[in-house]
Amino acid sequence: MLSVQSLGRRLGAAARPSSLSSVLPSGVGQELVPTLKVGAAAEQVRWTTRQVNKTSLLQQYYRRMPIRKKFRRAIIRGTMIMCEKTGQVKIPPIGMSGYDDKKNPYRGKFEDLRSTRVWFKN
């Protein structure tokens, strides 16, 4: 990969803007001098870095929750939900093939479940 200095040496004085090259002494701050582009790209300015310190409103909401970090992380991931009535962190309602909530609810541990299909109910 070519640096700005080596590219400037290869292209000569035409690669440096005249206003900056007259102000800067030779060899000082050459890495700060941008190279000139030809055509439509000469008018465009594109930023290579994004703002690092931006936080979304959703992330701000999750960080203000008065719960432990592991439960906050589980809520963000979607493996647990926050109950609106009690404020507790709960496992979301799960649907299982072969079981019905009203007629035949599953009452055992999730680890012992032998159902072939499991999904989150919405």
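The values are calculated or read from the model by the stated rules, or taken from the named source; none is laboratory data. Given the structure is predicted, the values throughout are model-derived calculations rather than measurements. Backbone-built Cβ (ideal geometry, glycine too); neighbour counts: all protein chains shown. Only protein heavy atoms, including side chains, enter the accessible area calculation; ligands, DNA and RNA are left aside. Shrake-Rupley method; radii C 1.70, N 1.55, O 1.52, S 1.80 Å.
Of note:
- Scope the range 105-118; condition modelled with pLDDT of 90 or more and surrounded by 10 or more Cβ atoms within 10 Å (Cβ to Cβ); matching residues: Tyr106, Leu113, Ser115, Val118
- Pairs with Cβ under 6 Å, 6+ apart, first in the range 57-75 and among the aromatic types (Phe, Trp, Tyr), second outside any helix (DSSP H, G or I): Phe71/Val89
- Hits in the range 80-90 - residues which are part of a loop (DSSP other than H, G, I, E, B) and touching a residue at least 12 places away in the same chain (Cβ under 8 Å): Met80
- So Gly95, is it small (Gly, Ala, Ser), touching a residue at least 24 places away in the same chain (Cβ under 8 Å) and open to solvent by less than 100 Å² (accessible area, probe 1.4 Å): yes
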